[in-house]
Amino acid sequence: MTQGAQLDLVGLDAYLRRHIDGYHGHLKVDRFKGGQSNPTYLLQAGGARYVLRKKPDGALLPSAHAIDREFRVINALRDSDVPVAPARCYCADDTVIGTPFYVMDFVEGRVFWDPTLPDLPRGERTAVWDDVNRVVAALHSVEPSAVGLADYGRPGNYFERQITRWSQQYRASETEPIEAMHKLMAWLPERTPPADETRIVHGDLRLDNLMFHPTEPMVVAMLDWELSTLGHPLADLAYHVMTWRLSATEFRGMVGADLLALGIPGEGEYLKRYCERTGRTPIDPAQWEFCMAFSMFRLAAILQGIAKRALDGTAASADALETGRRAKPIAEAAWRQVRAHWGGN
């Protein structure tokens, strides 16, 4: 945490008193360290704790930092099997603290940054990853219209739209040409699978975007919904399963780890359990490899945006520039997998 949150505490306190039932007491604000996108703060008042997420200050890429969408989706999922922090209020008025923001309840728990879970015993590692699998399957089992999210995104043509979007975002934030990204931008549209599905997708399904119970191997909240929309569940799943395809130095991956000894399922076993939980047939290997290449391309585009914000001075984290530098190796890893599966240069 860091002190001196640089927010208008008087204006914020007055707003919260009007919009959160039971809010009272002296407001104290601390900023969470880490995170690359939307600045996040711990609010404490009257013995209660809340979390505030806001847009960054400064010029932003189009459609980025969708605070309003984050609030909408966690509010919609509050009664589903997907664990989320209870949403409290959304403020579109940027005169209160300088940008739009929303507030949700603080959820007590643990965040794991290393997917090999080195501090847990073997049995708990197995249980943690099984519960993560359960939660991902639960999200992809929600019918959007049943929770009021039928219009949360455009149904159909998800891959085409996403490839276009992230290609545009990459070009808008390119600080130096990455050859592998340009090859992917040319290759991906030609290989888009014909079958399409529409479900709620989180968009950033990493282990560190899940909050776990303080002592039990159980997910208590799925966090950071900024990139959520309606889309293809296998794209969301592939982004999540990149952990099995990347190394720790590339991006918090598990390549090179002895998963059997650790008690962590292999990629094939993990996918099988997901299919069982969602009731889907085994995933076509060619479609899955496309989804993996697409997901790495998308991650590289996200990282490039972080790098650009770091250079522009608008990044939410002090280590943003170092994180952004991973865009090139991730793009190159994606292109290596394309070549390994389909051949070519």
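The values are calculated or read from the model by the stated rules, or taken from the named source; none is laboratory data. What you see is a predicted model; the values in this text were computed from it and never measured. Using ideal geometry, Cβ is built from the backbone for each residue, glycine included, and neighbour counts are taken over all protein chains shown.
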Q: Go through the residues of the range 261-277 one by one and say whether even a single one is surrounded by 19 or more Cβ atoms within 10 Å (Cβ to Cβ), under 20 Å from ALA195 (Cβ atoms) and of a type outside the set (Asp, Glu).
A: yes
**Q.** Lone qualifier among VAL201, VAL142, VAL128, VAL132 - being assigned by TED's automatic domain parsing to the domain that holds GLU269, touching an Asp or Glu at 6+ places or on another chain (Cβ under 6 Å) and modelled with pLDDT of 95 or more
**A.** VAL201
Q. Looking at ARG309, is it among the charged types (D, E, K, R), assigned to a helix (DSSP H, G or I) and at pLDDT 95 or above?
A. no
Q: Using the structure shown, decide if ALA334 is over 25 Å from LEU139 (Cα atoms) and without any contact (Cβ under 8 Å) to a residue 40 or more places away in the chain.
A: no
(Q) I'd like the full set of residues that are closer than 28 Å to ARG72 by Cβ and small (Gly, Ala, Ser), limited to the range 170-188. (A) ALA172, SER173
Q: Return the only residue of ARG191, ARG161, ARG165 being farther than 21 Å from ASP79 by Cα, under 20 Å from the mean Cα position of the chain (by Cα) and in contact (Cβ under 8 Å) with a residue 24 or more places away in the chain.
A: ARG165
Q) When both residues are 6+ apart or on different chains and their Cβ atoms are under 6 Å apart, which pairs have a first residue that lies in the range 102-121 and is closer than 16 Å to CYS89 by Cα, and a second that is among the hydrophobic types (A, V, I, L, M, F, W, C) and modelled with pLDDT under 95? A) TYR102/ILE67
Q. Can you find even one residue in the range 240-257 that is crowded, with 22+ Cβ neighbours inside 10 Å, within 14 Å of LEU139 (Cβ to Cβ), touching a Gly at 6+ places or on another chain (Cβ under 9 Å) and not β-branched (Val, Ile, Thr)?
A. no
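Given the options ALA320, ALA248, ALA238, name the one that is in the same structural domain as GLU174 (by TED's automatic domain parsing) and under 18 Å from GLU174 (Cα atoms). Even if it seems obvious, please write down each step before you answer.
On the way: ALA248 fails: under 18 Å from GLU174 (Cα atoms); ALA238 fails: under 18 Å from GLU174 (Cα atoms).
None of the other options fit; the residue is ALA320.
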